[in-house]
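These notes concern the structure reproduced below.
The values are calculated or read from the model by the stated rules, or taken from the named source; none is laboratory data. Quick caveat, the model's predicted, so the values are computed rather than measured. Positions of Cβ are backbone-derived with ideal geometry, glycine not excepted, and every protein chain shown enters the neighbour counts.
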Amino acid sequence: MQNQNTWIWEVTAWEFILVTVVLAGGAAFMTGRAIASVWAGRGQLAIYMILLAGATRFIHFALFKGTLLAPYYYVVDLIVLLAIAEAGFRLTRSKQMVQQYGFLGRNQAG
């Protein structure tokens, strides 16, 4: 395949969607849920996403002839993974807060 270097993906759009959004994004979402379920903070989540972004760059390199040490595309992958992980984190944390502190969400006037 011919490289189609753009602002978001390095080789092709489907490769970016498959590897970064679907595969690594699924792992990021589950990591966000796991971090929230043990009541850990976002700092720990960020550390895990930094490592996952490195693994994602390796998959781009090993399977699709991407550049392994491409700082720009590493940051792009990291931003996408952080956004997906944050969604999983917030979803789980909001469910936890409703279960733990449900009395805060009820209407006190009624």
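Which of the residues belonging to the range 1-55 are within 22 Å of Q96 (Cβ to Cβ) and among the β-branched types (V, I, T)?
Of everything in the range 1-55, those that are within 22 Å of Q96 (Cβ to Cβ) and among the β-branched types (V, I, T) turn out to be T31, I35, V38, I47.
Give the range 63-86 a look and list any residue that's surrounded by fewer than 15 Cβ atoms within 10 Å (Cβ to Cβ) and either modelled with pLDDT of 95 or more or of a type outside the set (A, V, I, L, M) (or both), or say none.
If the condition is that a residue be surrounded by fewer than 15 Cβ atoms within 10 Å (Cβ to Cβ) and either modelled with pLDDT of 95 or more or of a type outside the set (A, V, I, L, M) (or both), then K65, P71, Y72, V75, I79, A83 are the ones that fit.
Sort out which residues of the range 28-47 are closer than 16 Å to A87 by Cβ and surrounded by fewer than 19 Cβ atoms within 10 Å (Cβ to Cβ), and write them in order of number.
M30, R33, A34, S37, R42, A46
Under 9 Å by Cβ, and 6 or more places apart or on different chains, what pairs join a residue from the range 74-90 that is without any contact (Cβ under 8 Å) to a residue 24 or more places away in the chain with one that is of a type in the set (D, E, K, R)?
Y74/R57
Show the residue pairs that are 6+ apart or on different chains and have beta-carbon atoms under 6 Å apart, the first residue being within the range 34-57 and under 9 Å from L78 (Cβ atoms), the second being among the acidic types (D, E).
As it stands, the answer is A53/D77; T56/D77, since those pairs meet every condition given.
Take the conditions within 14 Å of Y73 (Cβ to Cβ), hydroxyl-bearing (S, T, Y) and touching a residue at least 60 places away in the same chain (Cβ under 8 Å) and apply them to T20. Does it pass?
In short, yes.
Before we move on, is A40 within 14 Å of the chain's Cα centre (by Cα) and not charged (D, E, K, R)?
No; evaluated as a whole, the condition is false for this residue.
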